[in-house]
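The values are calculated or read from the model by the stated rules, or taken from the named source; none is laboratory data. Note that the structure is predicted; figures quoted are calculated from it, not measured. Using ideal geometry, Cβ is built from the backbone for each residue, glycine included, and neighbour counts are taken over all protein chains shown. We work out accessible area using only protein heavy atoms, side chains counted, and drop any ligands, DNA or RNA first. Shrake-Rupley method; radii C 1.70, N 1.55, O 1.52, S 1.80 Å.
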Amino acid sequence: MTAYQLKIGDIECAALDEGASSMTLDAVAGRYPNVSRQEIASALAGEAPSDSLNLLYIMSGSARILADVGFGEAGPSGTGGAVKALAGLGVAPADIDILFLTHFHGDHIAGFFDADGAPVYHKARFVTAQAEWEEWMGRWGASDSAGDQLNLERFRALQDRFSFVNDGDEIAPGVNVVDLAGHTRGHSGLLVEAGGDRLLHVVDILHQPFQFARTDWHFIFDSDADHAVQTRRRTLNRCADEGLLTLFYHLPFPGLGRVSIDGDSFVWNPIA
Ligand SMILES: [Zn+2]
């Protein structure tokens, strides 16, 4: 199965399996700079760690929306499944009307361009948070890396096709932007709401299941680690308090479930 389909009221949604790559203990430990390797080892409790990638597809009215594009052709082995997962739903890249970018890390945007530098989802309107665009145009502009310069040039050339949004903005009926800044300055999720049902896509507020119990552990790619901790706790509290169906980008496919609270710890309850 490469797509997990569900309905939120009359809005069709699916979690898409972009793939997963296995990770060594050392690779995981290297991502948590304020935690010892031993603490990571005991948090994993013998489980083999992996890094999963789950995209969100939404059909609201006649608008076909995709949140993030994954690695595309250029990622680690085991990734790059997004286009195939969409095809399983009968959807081609040219059918996507709105491409929402939650943030500009490579595992979310590398599949934006094909090998010739053209947008894969070439008919879509591109949507991202204003703060996210500003962060990355600035970071890439200040970087000497050829890859960063290429990203800067390619995205700048498409600037007129981007709509820039902020917290609470509606990108399609029943689909609203949720500010989750901290991981990056404009890191944003989506709240899908229809007919009394809700789904909150919280993207990268955490990256491994053990972070439900250790929300204070910093993640190396957080632009502002302390802000990311606050956003992680606030959002997990909201998910638990409101009993929300929640999607995480990096939890094992489909990344859907509910958050609960047990004492000082959050608990992840994946859907069966
Ligand atoms: Zn990510």
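Considering only Ser143, Ser163, Ser50, the mean-square fluctuation computed in a Gaussian network model of the chain, springs between alpha carbons under 10 angstrom, is largest for Ser143. Relative to its residue count, the range 155-272 spans a Cα convex hull of 122 Å³ per residue. Across the chain, C-alpha contacts under 8 Å between residues 6 or more apart give a mean separation that, scaled by the residue count, equals a relative contact order of 18 percent. From a point 7 Å beyond the Cα of Lys123 in the direction of its Cβ, which residues of the range 30-74 have a backbone N at a distance under 12 Å? Only 63-64 pass the distance filter. Please report the spacing between the Cα centers of the range 117-145 and the range 239-253 in Å, no decimals. A separation of 27 Å, based on Cα centres.
3J(HN,Hα) along the range 114-122, derived from phi through the Karplus expression 6.51 cos²θ - 1.76 cosθ + 1.60 where θ = phi - 60°, amounts to 7, 4, 8, x, 9, x, 5, 8, 7 Hz, with x in place of Gly and Pro. Based on DSSP H segments of at least four residues, each scored -39500 (n - 2.57), the chain has a per-residue ellipticity at 222 nm of -6500 deg cm²/dmol.
Surface analysis of the chain yields an accessible area of 43 Å² per residue, using protein heavy atoms and a 1.4 Å probe. Each Lys and Arg contributes +1 and each Asp and Glu -1, all at the Cβ; summed about the Cα centre of the chain, the dipole is approximately 240 debye.
A Gaussian network model of the chain, with springs between Cα atoms under 10 Å, assigns the largest mean-square fluctuation among Glu193, Glu39, Glu242 to Glu39. Computed from the Kirkwood radius of its Cα pairs, the Stokes-Einstein diffusion coefficient for the chain at 25 °C and 0.890 mPa s stands at 130 µm²/s. Rounded to the nearest whole Hz, the Karplus-based 3J(HN,Hα) values (6.51 cos²θ - 1.76 cosθ + 1.60, θ = phi - 60°) of the range 24-31 follow the sequence 7, 4, 4, 5, 5, 4, x, 8, with x at glycine and proline.
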